[in-house]
Amino acid sequence: MKKFLPLLFLLVFFCRAASAQVAVGQNPSNPASVTLRGQVYMPGGSPYDGTVGLRIQLSGEDGRRPPDSFFTDSKGGFVISGMSQGASYTLVVESDGRNWATTKQIIWVLGPRPYVTLQLRALESTRPATSPVSVAELNQNVPRNARKEYETAVEQLTAGDTARARKGFEMAIALYPDFVEARSELAVVLMREGNLAGAEILLRRAIEIDTAAVHPQLNLGLCLYRQQRYSEALPFLERGVQLQPVNPNGNLVLGMTLVMAGDDGRAEPVLRKAYEQGGKRYAKAQLYLSRIYTRQKKYDRAAEALDVYLRDVPDEPNAESLRATLVKLRAASHP
């Protein structure tokens, strides 16, 4: 049987500039108006999961939006339309008296696809001394000049000017060395340029600064995966997916890494989850599922997965070879 297409994959895991999991557009009647998406996390770092959504009070720092309130879904996700690009807002969640204290957080709406995380504060009597600080909390301390450099770099990266974006992220880090988001985004740029060693250093430091930050964990896992250091990549990918379970990018890379590490049993449900969450954009999960089922001699399931992959990606460069493999799998499933 012919070999499958060599592994070629690059993900970008950044909530504002590089994350492909948020797909929102600007209001055509107001180019400065964007839709903000976000996720609420519990004090320990896990996503909120309740029977009802959380009520969050919203107020604009610059007076451009009157005070308002909204509810998250039961999993802590939320979407707010009509947000002003570049503006700051205050989010407040009242204490429930048991699990978290009243939480107030200032956020900035930046980039074409803004995404924020809100981590609830634990009650003082129950908060562990070693409780991780979230990236959202750290961002409140970012100086304005560092934030401006970062925002400009995001725009340059979105426009495809990676050289200028790299310099902007470097300047943001120079102005504020604990700028986790800038470190993560600069690492993505370095990975694009093939500087995996430099990206690894940036990401390891970002995780030291904020152990609850999702994207540095996933990006470091990807960086190590690309270096074929699969066993080293797994803990970071697992941690990232644990912090953000609904992340098709993270689940796909975790599943691929498990396959390369020889753990097909654990890889199968993770790859299936990636495809369920992301659909045909993550069709590569079906390619790896076909590989797993072939090794297990489940040729009917291998053929089914490969067929789905080819339907989702009809222009696959190696399509002719894969279709020949599909014919062999179908023949093997009906001897």
* Asked: Which aspartates and glutamates does LYS284 reach when only Cα atoms under 18 Å apart count, and residues fewer than 8 places away in its own chain are ignored?
  -> ASP263, ASP264, GLU268, GLU276, GLU304, ASP307, ASP312, ASP315, GLU316, GLU320
* Asked: So how exposed is HIS215, as accessible area in Å² (1.4 Å probe, rounded to 10)?
  -> 20 Å²
* Sorted by accessible area with a 1.4 angstrom probe, largest first, how do ARG37, ARG166, ARG266 fall? -> ARG266, ARG37, ARG166
* Asked: About its Cα centre, what dipole magnitude does segment 291-330 give when the only charges are +1 on Lys and Arg Cβ and -1 on Asp and Glu Cβ, stated in debye to the nearest 20?
  -> 380 debye
* Asked: Straight-line reach from LYS104: which lysines have a Cα under 30 Å away, not including same-chain ones fewer than 8 places off?
  -> LYS75, LYS148
* Using the per-residue mean of other Cβ atoms lying within 10 Å as a proxy for protection, in what order, highest first, do the peptides 268-277, 315-324 fall? -> 268-277, 315-324
* Zone residues, segment 180-212, relative to ARG229, backbone N less than 12 Å from point 7 Å out along Cα-to-Cβ -> 196-205
* From the residues ALA267, GLY279, ILE292, which one has its Cα farthest along the dipole of segment 254-293 in the positive direction, the dipole being from +1 and -1 charges on Cβ of Lys/Arg and Asp/Glu about the Cα centre? -> GLY279
* **Dimensionless Rg/Rh of segment 176-317 - Kirkwood Rh, Rg from C-alpha atoms** => 1.02
* Structure fact -> Once GLU208 and LYS328 are pulled to full extension, the length gained, defined as 0.36 nm per residue separation minus their Cα-Cα distance, is 38.3 nm
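The values are calculated or read from the model by the stated rules, or taken from the named source; none is laboratory data. Keep in mind that this is a model prediction, so the values were computed, not measured. Every residue, glycine among them, receives a Cβ derived from its backbone with ideal geometry; neighbour counts consider all protein chains shown. These area figures cover heavy atoms from the full protein model, side chains too; ligands, DNA and RNA do not enter into them. Shrake-Rupley method; radii C 1.70, N 1.55, O 1.52, S 1.80 Å.
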